[in-house]
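Laboratory data are not the source of any read-out in this text; all were calculated from the coordinates shown. Note that the coordinates shown come from a computational prediction; the quantities given were computed from them, not determined experimentally. Here the Cβ positions follow ideal geometry from the backbone for every residue, glycine too, while neighbour counts run over all protein chains shown.
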Amino acid sequence: MKDILFATGNAGKMKEIREILEDLDGCVYSLKDAGIDADIEENGTTFAQNAKIKAEGIAAWCEKNGIPAFPEKSIRDFIVLADDSGLEVDWLNREPGVYSARYMGHDTSYREKNANIIGRLEGVPKEKRTARFVCAIAAVFPDGRCEIAEGAVEGYIGWEERGENGFGYDPIFYLYENDRSTAELSPEEKNGISHRGKALRKIKEVLRKGK
Ligand code: IMP
């Protein structure tokens with residue numbers, strides 16, 4: 001199998017990605033490993049569109065500029081993967097959705113973003129606080145084909161932040177099964193049920209079959 005270039009600079013995500021894809025034949029490199037410093041604008045309206053835009057954007061950037069850390073290789077030696085993810089809150093018409101990272105501005109802390117979402121749900125009963133984390137992963141093959149895999153985890157927005165693990169919206173996203181927030185799960189527990197874990201396991205099957 002070809003080696004994989006995963007279009008993320010996020011070290012936490014890379015760790016999760018490597019753990020789940022470790023039994024594939026090829027190596028998995030991050031943008032940092034490959035020395036790529038490209039900024040692709042994610043202007044799609046769905047997670048799948050954004051993942052595709054990012055993966056195709058990185059492939060096109062490498063086609064033009066080469067791969068700085070591997071000057072002897074071309075992008076056709078790699079399968080390019082990219083993900084896009086976020087939180088959908090049904091009561092808020094699925095906001096923040098594809099704007100999850102940009103919600104209230106990139107520089108606003110998650111303490112403030114989380115407090116804002118809880119505030120917008122004031123007085124809303126548990127059965128109407130439904131939400132989900134969604135992740136789409138796009139794989140662009142050397143011949144230009146693009147395959148997409150999606151994963152989601154259903155839950156609800158709690159009334160307070162809870163837990164120290166995870167990142168972003170984890171402290172306010174609760175699971176129905178045990179009324180724990182995903183910030184209260186260990187990394188292994190979260191990988192087992194998460195949107196990203198599900199999408200990664202699906203794309204792994206696509207890569208294994210080479211289609
Ligand atoms: P991106 O996929 O790196 O663009 O990230 C999207 C944004 O969605 C993150 O910055 C977080 O705000 C949110 N998000 C995605 N996955 C998770 C998760 O597992 N926990 C908490 N927040 C998440």
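Could you compute the FRET efficiency for TYR176 and ASN93, with r as their C-beta to C-beta distance and R0 at 25 Å, rounded to 0.05?
Efficiency for this residue pair is about 0.70.
Could you give the length gained on full extension between THR8 and LYS32, defined as 0.36 nm per residue of separation minus the Cα-Cα distance, in nm?
Contour length minus the Cα-Cα distance gives 7.8 nm.
Per DSSP helix of 4 or more residues, -39500 (n - 2.57); summed, then divided by the residues of the chain. What does that give at 222 nm, rounded to the nearest 500?
For the chain, the value works out to -9500 deg cm²/dmol.
Using +1 on the beta carbon of Lys and Arg, -1 on that of Asp and Glu, and nothing else charged, what's the dipole of the stretch 62-211 about the Cα centre, debye to 20?
520 debye
Please give the length that would be gained between GLU19 and GLU42 if that part of the chain were fully extended, namely 0.36 nm times their separation in residues minus their C-alpha to C-alpha distance (nm, one decimal).
5.7 nm
Run through the stretch 57-110 and list the GluC sites (Glu not before Pro) located in a DSSP loop whose Cβ has at most 16 other Cβ atoms within 10 Å.
When the GluC sites (Glu not before Pro) of the stretch 57-110 are filtered for loop state and at most 16 Cβ neighbours within 10 Å, GLU72 remain.
Show me 76-87, 100-111, 138-149 ranked by packing, highest mean number of other Cβ atoms within 10 Å first.
76-87, 138-149, 100-111
What are the ³J(HN,Hα) couplings of the stretch 77-87, residue after residue, when phi is run through the Karplus curve with 6.51, -1.76, 1.60 and θ = phi - 60°? Round to Hz, x for glycine and proline.
Going residue by residue, I get 8, 10, 9, 9, 10, 8, 10, 9, 8, x, 10 Hz, with x marking Gly and Pro.
Can you compute the FRET efficiency between ARG208 and ASN165 using 1/(1 + (r/R0)^6), with r the Cβ-Cβ distance and R0 = 25 Å? Round to the nearest 0.05.
0.25
Would you compute, for the Cα atoms of the chain, the largest minus smallest coordinate along each principal axis and list the three values in descending order, in whole Å?
Result for the chain: principal-axis Cα extents of 59, 32, 26 Å.
Work out how much length LYS64 to LYS128 would gain on full extension: take 0.36 nm times their residue separation and subtract the Cα-Cα distance, in nm to one decimal.
18.2 nm
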